[in-house]
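Peer 1: Right, I'll just put the structure down here and ask away after.
The values are calculated or read from the model by the stated rules, or taken from the named source; none is laboratory data. Note that the coordinates shown come from a computational prediction; the quantities given were computed from them, not determined experimentally. Cβ atoms come from the backbone with ideal geometry, glycine included; neighbour counts cover every protein chain shown.
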Amino acid sequence: MTEPAAVKAALKTQAVETPSWAYGNSGTRFKVFTQPGVPRSPQEKLDDAAKVHEFTGVAPTVALHIPWDRVDDYTALAEHAEDRGVRLGAINSNTFQDDDYKLGSVCHPDAAVRRKALDHLFECVDIMDATGSRDLKLWFADGTNYPGQDDLRGRQDRLAEGLAAVYERLGEGQRMLLEYKLFEPAFYATDVPDWGTAYAHCLKLGPKAQVVVDTGHHAPGTNIEFIVATLLREGRLGGFDFNSRFYADDDLMVGAADPFQLFRIMFEVVRGGGLTPEVAFMLDQCHNIEAKIPAIIRSVMNVQEATAKALLVDREALATAQAAGDVLGANAVLMDAYNTDVRPLLREVREEMGLDPDPLAAYARSGWQEKIVAERVGGQQAGWGA
Ligand code: LRH
Ligand code: MN
Ligand code: MN
């Protein structure tokens, strides 16, 4: 059994990055619902993210999405974040919302469009230079809708060329995280559909290229913890986009649909030595119908609970049962940890960190929600889900 003090220490140093776009209005292709008090600017998104960190103590960084968070002065934006006790995290590129990208971005058959996409990716690296961000997160909506529409192999060649150019541009201490997604918006063939494709490209590029696992980007039934174990084993797990799903890329609160899956993923992270800053634990969610800041607090708490349970697995007993071929015994060790109520432990952790043991209640009491509802009129759309 892992010592309680070690479990607590690990939980105190855990860091969950929240996404700027989760603070804005969002919805589905049918309707974007507006909520009172949502941020009107990237600065206000950071103000809200700072509240999540204030009440959880483990959400010190905020991911940006460009151009959704475009500002004139990124150094000033980083200072704004620091003044509020948070830092800017991963820079997410966006090569999917312009008309030019109808047939793809870095995989597009037209060199001029590929150039435009590349220029955007270079701009993102410039922004990282200004913000001090370590990670460039790349997700490409590239793909085709019909067999024969474009040459599958040719698109891979163009992708490799684009990625190599971005890799070249990375500075000291910077990384690129390549995100895969099974389908959507392309319905026939996506150019980076799975971890194997992402891994193959990263392997060719070099150690600064890492794979990012968005938990909503797989076929139903996919064993995501196996992918996590494999990538960690190969030293190529750059991070997560956490969220949960019932059907496709639902972007619901992490741990809401399947807390057992989140536990299994976190167990492989712990088992593989991945609970380190080398693995970025990011949320990628949209809160279409629920209140945003409390939903993000809840999500951070869900990650903490899964992590606590993963840390509580009696690894020695598990190894003994596994070596003895004790199928039921080994399974029971894992389930014992999963079935532990870790909420009292987390309350203690928070108290020891000088926080309120109940972050949601503390936020509700803080008056922040009333303040932003009163002060902010005309909140920004997240830029996603419209
Ligand atoms: C794509 C994705 C990717 C984008 C984000 C808004 O589905 O997961 O990470 O940047 O959503
Ligand atoms: Mn994502
Ligand atoms: Mn997604």
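Peer 1: Test each condition in (1) in a helix (DSSP H, G or I); (2) buried (at least 24 other Cβ atoms within 10 Å of the Cβ); (3) in contact with a Lys or Arg (Cβ under 9 Å, 6 or more places away or on another chain) for Ser299 and report the one that comes out false.
Peer 2: Condition (3) is where Ser299 drops out.
Peer 1: Something else about it: Answer yes or no as to whether Val254 is within 21 Å of Leu11 (Cβ to Cβ), of a type in the set (Val, Ile, Thr), more than 16 Å from ligand 3 (Cβ to nearest atom) and in contact with a helix residue (DSSP H, G or I) (Cβ under 8 Å, 6 or more places away or on another chain).
Peer 2: no
Peer 1: To continue, here is another question. Checking the condition surrounded by 23 or more Cβ atoms within 10 Å (Cβ to Cβ), modelled with pLDDT of 95 or more and either not in a helix (DSSP H, G or I) or not aliphatic (A, V, I, L, M) (or both), which residue from Leu178, Leu182 passes?
Peer 2: Leu178
Peer 1: Need pairs with beta-carbon distance below 8 Å; first residue within 19 Å of Glu161 (Cβ to Cβ) and within region 203-214, second of a type in the set (S, T, N, Q) and more than 16 Å from ligand 3 (Cβ to nearest atom); sequence gap 6+ or separate chains.
Peer 2: Lys208/Gln174
Peer 1: Still on this structure: Which residues, counting only those in region 215-252, are among the charged types (D, E, K, R), within 16 Å of ligand 2 (Cβ to nearest atom) and touching a residue at least 40 places away in the same chain (Cβ under 8 Å)?
Peer 2: Answer for region 215-252, where residues must be among the charged types (D, E, K, R), within 16 Å of ligand 2 (Cβ to nearest atom) and touching a residue at least 40 places away in the same chain (Cβ under 8 Å): Asp241, Asp249, Asp251.
Peer 1: Kindly provide the set of residues from region 213-248 that are within 11 Å of ligand 3 (Cβ to nearest atom) and either surrounded by fewer than 18 Cβ atoms within 10 Å (Cβ to Cβ) or of a type in the set (Gly, Ala, Ser) (or both), ordered by number.
Peer 2: Of everything in region 213-248, those that are within 11 Å of ligand 3 (Cβ to nearest atom) and either surrounded by fewer than 18 Cβ atoms within 10 Å (Cβ to Cβ) or of a type in the set (Gly, Ala, Ser) (or both) turn out to be Gly216, Ala248.
Peer 1: Something else: Within region 1-87, which helices (runs of 4 or more DSSP H) (wholly inside it) include 1 or more residues that are under 21 Å from Glu290 (Cα atoms) and modelled with pLDDT of 95 or more?
Peer 2: The helices (runs of 4 or more DSSP H) meeting that bar are 42-56.
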